Amino acid sequence: MKEKISKLIEQAKIAVEQSNTLALLNNVKVKFLGKSGELTQLLRGMKDVPQEERPMVGKYVNEARDIITELTENKTRELSQAEINEKMKSESVDVTLDGKRKERGSLHPCTLITEEIVDIFTSLGFTLGQGPEIELDKFCFQMLNIPPDHPARDMQDTFYISDDVLLRTHTSSVQARTMINTKPPIRLVCAGKVYRPDDDATHSPMFQQVEGLVVDEKVTLCDLKGLLETFAKRLFDSSTKVRFRPSFFPFTEPSVEVDVTCSVCHGKGCRICKGTGWIEILGAGVVNPKVLENCGIDSKKYKGLAFGMGVERVAMIKYGIPDMRILFENDVRFLKDFK
Ligand SMILES: [Zn+2]
């Protein structure tokens, strides 16, 4: 009997050693220590053992159970630790790797430029005004000294919705609406989308403008130049110069085109400024007295100064964008540069 038990311990030892997973080890446990396991079978055979040997055999069996239990418990610890180590190895975290980031959006370059321009003028005491994009002919043209038969209506072709309703061709309609409703002095800046049926590398059927209006006593073209020079220096850099060239707009008299020194070559001449050192940036002028009168402002007492610029054009100059259409393609690779 003692030999049998010794043999069983040996078998158990080998079986435990060969178990390389917790599941296999559990099978071994059942095989030797379970209710119908080998050890229990041995105990059942006790009835064949002579009476006087039984206590001794019982002692052997108990010792064997203790030994086998200890063997399996040790092996369980060993395998558990190995499993944890394996898991740690396969699931290790490389803390030097980039984490998963949520992509953040950014403002469109035209929005950035609009905000920058509006900020400059509001810091100079201007108020931001707004008006509808679907506008009446009255505010878009007639009040601004552009009657129905005026040649200027050919100059800026228009999307008409009906005879007297249209998509505004400029934000000047906001100036007309403001002058009717506000007593001078007026310092107004307005920004928004405008529409004209042009479509090429430098024109889009929808584009954005920022315009400004000053109505006050004793304001002159010199004030306008000073104002626009302050603006250009802030928008580009402090060395920027401004020059006026005579032009024609129906709502201003005199009218000027305004150039700034090229912000790329600082006036030396380069590809961007086509070698001239100057870049046209906006149109401006002294408000035609007829426009003031149309809007109920005494043109003998008050003078007006007005200016307007295309946001896309300013964005192209400031950011060196060669083709206006890039601004409307919404290519994320391009837009990401403006974060
Ligand atoms: Zn240049």
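Residues are listed down the side, and each one gets a yes or a no for (1) open to solvent by 100 Å² or more (accessible area, probe 1.4 Å); (2) assigned by TED's automatic domain parsing to the domain that holds residue 27; (3) at pLDDT below 85:
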residue: 49; (1), (2), (3): no, yes, yes
residue: 52; (1), (2), (3): yes, yes, yes
residue: 57; (1), (2), (3): no, yes, yes
residue: 63; (1), (2), (3): no, yes, no
residue: 70; (1), (2), (3): yes, yes, no
residue: 81; (1), (2), (3): no, yes, no
Check your understanding: From the list 256, 291, 286, which one is assigned to a strand (DSSP E or B), touching a residue at least 60 places away in the same chain (Cβ under 8 Å) and among the β-branched types (Val, Ile, Thr)?
Key -> 286
Practice item. Can you tell me which residue among 241, 274, 193 is more than 24 Å from residue 176 (Cα to Cα), among the basic types (Lys, Arg) and touching a strand residue (DSSP E or B) at 6+ places or on another chain (Cβ under 8 Å)? Key: 241
Revision key, fill the gap. Residue 236 vs (1) within 16 Å of the ligand (Cβ to nearest atom); (2) under 28 Å from residue 203 (Cβ atoms); (3) open to solvent by 40 Å² or more (accessible area, probe 1.4 Å): all pass except (3)
**Study point:** Conditions (1) open to solvent by 10 Å² or more (accessible area, probe 1.4 Å); (2) more than 14 Å from residue 310 (Cβ to Cβ); (3) more than 15 Å from the ligand (Cβ to nearest atom); (4) of a type in the set (Phe, Trp, Tyr): number failed by residue 207
**Key:** (2)
**Study point:** Residue, nearest to the ligand (Cβ to nearest atom), within segment 261-270, restricted to residues that are assigned to a loop (DSSP other than H, G, I, E, B) and in contact with a Phe, Trp or Tyr (Cβ under 7 Å, 6 or more places away or on another chain)
**Key:** 262
Review point. Which residues, counting only those in segment 271-313, are of a type in the set (Val, Ile, Thr) and within 16 Å of the ligand (Cβ to nearest atom)?
Key: 272, 276, 279, 281
Review point. Is one or more of the residues making up segment 316-339 under 31 Å from the mean Cα position of the chain (by Cα), away from the ligand (no atom under 16 Å from the Cβ), open to solvent by less than 60 Å² (accessible area, probe 1.4 Å) and of a type in the set (Phe, Trp, Tyr)?
Key: yes
Review point. If you go through segment 244-275, how many residues are more than 38 Å from the chain's Cα centre (by Cα) and open to solvent by less than 40 Å² (accessible area, probe 1.4 Å)?
Key: 3
Point to revise | In segment 24-57, the residues that are of a type in the set (D, E, K, R) and in contact (Cβ under 8 Å) with a residue 24 or more places away in the chain | key: 29, 38, 53
Review point. Would you call residue 229 away from the ligand (no atom under 16 Å from the Cβ), acidic (Asp, Glu) and in a strand (DSSP E or B)?
Key: no
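The values are calculated or read from the model by the stated rules, or taken from the named source; none is laboratory data. Quick caveat, the model's predicted, so the values are computed rather than measured. A quick note on method: Cβ atoms are made from the backbone with ideal geometry, for glycine too, and the neighbour counts reach across all protein chains shown. Each accessible area value is taken on the protein alone, full model and side chains, heavy atoms only, with ligands, DNA and RNA left out. Shrake-Rupley method; radii C 1.70, N 1.55, O 1.52, S 1.80 Å.
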